[in-house]
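Here's the structure, in C-alpha cells; my notes come after.
The values are calculated or read from the model by the stated rules, or taken from the named source; none is laboratory data. Note that this is a predicted model, so its numbers are computed, not measured. With ideal geometry, Cβ positions are generated from the backbone for all residues, glycine too; neighbour counts draw on all protein chains shown.
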C-alpha cells in the first residue's frame, strides 16, 4: 500500500498516475480479448427493432443460434444520432436504451462477446465538426451506462471514419472519445481503426496513444470491389454481374499481400487485429462467394486475427429471416460444418 506521508506530494501524485496507467492498460490483455472475439457477425444495424420491437427482424433466439453455429461474438451496429435530443444535453431516449440493453443482455447470456459499434460514419464523414458534440455525448452516456459491464463488452469508437473526417482530425477525435471512456472504463477494451473507411492502406496514419495498450485495431476488407459489390446500385455496380472469384494463385496472392501489410503494421506496433467487416453482396455467384469467404477466413485465422462478417441478414446475407433458415453455403464457409444447426 502506498502511504501519502512517505512521499513528497508531486512524487506521490506521479506514482498514483503511473499505477493508474498500468491498471488501465494491462488489467485486460487485448490479445486475449481478441481471441475471445474470434468469429463474429454484424447485427441489427438497420433492423426496424430500433423503431419498434414489434417490427423486429432479429429474434431473441438468434443469439443462441449464432453461438450454436460456431460464432463467438456480435458487432452491434448503432445509429443513435437521429434519436439524440440536443435540447436535453444530447440524451438518448429510454426506448433506445431498452433495445440496446435487450441486445447486450441476451448476447452475453448466450455466451457471445459484444462489440458496441458507433456506426455513424455517414454523419461524421459528411460534417464531422457539427456532429462532434453528438459523437462525444454518445460516448459519455455509453461509458457511464456500461461502466460495470463485464469485460466481454467492448467499445468501438467509430465505424469507418472517412471523407471530411480526415486522418488528422480522426486522430484528435478518437483521443477525445477515448479520454471520456477511460474516466469510467479504465480497463475496457476499445476498438479503433484508421481513417479512409478503416482501410489497411491507411494504418500508417493511425496515431494510437502508446501508454494505452488495451486497444484492438480494426480494419475492413472488401477487395476486389467489382466482385464483392457486384449488383449493388449504391456502390455504382448495378450492371456489373456474374463476376467470379475463382481462387487463382493471382487472386489469392492479392489478398495475402494486403493482409501481410496489416500484419506487418500490427507486429511493429504490438497491437492485435480485428477485421470488423468483410463479405460478398448476395448477387454474386454462390460458388465464388464460398471460395472467397473460405479463403479469407482461413488466411485471417492463420494470422491470428478475429473477424466479423457483414452481415446477419438483408444484403450480404447470412440468414434468411423470411424463410427462417441459414444461407448454408455462406455459414459453412465462415464456420465450417462442426456445429449443429437447430433451426
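Return the residues of region 116-144 that are within 18 Å of residue 49 (Cα to Cα) and touching a helix residue (DSSP H, G or I) at 6+ places or on another chain (Cβ under 8 Å); say none if nothing qualifies. Full working, then the answer.
Narrowing region 116-144 to residues within 18 Å of residue 49 (Cα to Cα): 116-120.
Scanning region 116-144 gives 116, 118, 120.
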Residues of region 233-249 being closer than 13 Å to residue 283 by Cα, without any contact (Cβ under 8 Å) to a residue 24 or more places away in the chain and not in a helix (DSSP H, G or I), in sequence order, are 237, 238, 239, 240
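Okay, residues lined up against (1) outside any helix (DSSP H, G or I); (2) closer than 30 Å to residue 175 by Cβ; (3) in contact with a strand residue (DSSP E or B) (Cβ under 7 Å, 6 or more places away or on another chain); (4) in contact (Cβ under 8 Å) with a residue 40 or more places away in the chain:
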residue: 216; (1), (2), (3), (4): yes, yes, yes, yes
residue: 264; (1), (2), (3), (4): no, yes, no, no
residue: 276; (1), (2), (3), (4): yes, yes, yes, yes
residue: 288; (1), (2), (3), (4): no, no, no, yes
residue: 293; (1), (2), (3), (4): no, no, no, yes
Criterion (surrounded by fewer than 20 Cβ atoms within 10 Å (Cβ to Cβ) and touching a helix residue (DSSP H, G or I) at 6+ places or on another chain (Cβ under 6 Å)) met by exactly one of 280, 243 = 243
Return the total of residues in region 182-214 being touching a residue at least 40 places away in the same chain (Cβ under 8 Å), buried (at least 21 other Cβ atoms within 10 Å of the Cβ) and in a helix (DSSP H, G or I).
-> 3
Whichever residue in region 85-99 is touching a helix residue (DSSP H, G or I) at 6+ places or on another chain (Cβ under 9 Å) and farther than 19 Å from residue 48 by Cβ and, among such residues, is surrounded by the most Cβ atoms within 10 Å (Cβ to Cβ) | 90
Evaluate region 308-322: report whether one residue or more is surrounded by fewer than 19 Cβ atoms within 10 Å (Cβ to Cβ), over 19 Å from the mean Cα position of the chain (by Cα) and in a loop (DSSP other than H, G, I, E, B).
-> yes
Test residue 289 against the stated conditions and say whether it is within 18 Å of residue 326 (Cβ to Cβ) and touching a helix residue (DSSP H, G or I) at 6+ places or on another chain (Cβ under 8 Å).
-> yes
Using the structure shown, decide if residue 76 is in a strand (DSSP E or B), within 19 Å of the chain's Cα centre (by Cα), without any contact (Cβ under 8 Å) to a residue 60 or more places away in the chain and crowded, with 18+ Cβ neighbours inside 10 Å.
-> yes
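Does region 162-179 contain any residue that is out of contact with any strand residue (DSSP E or B) (no Cβ under 7 Å at 6 or more places or on another chain) and closer than 22 Å to residue 97 by Cα?
Within region 162-179 (the criterion being out of contact with any strand residue (DSSP E or B) (no Cβ under 7 Å at 6 or more places or on another chain) and closer than 22 Å to residue 97 by Cα), the answer is yes, since at least one residue qualifies.
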Test result for residue 136, at pLDDT 95 or above and buried (at least 20 other Cβ atoms within 10 Å of the Cβ) = no
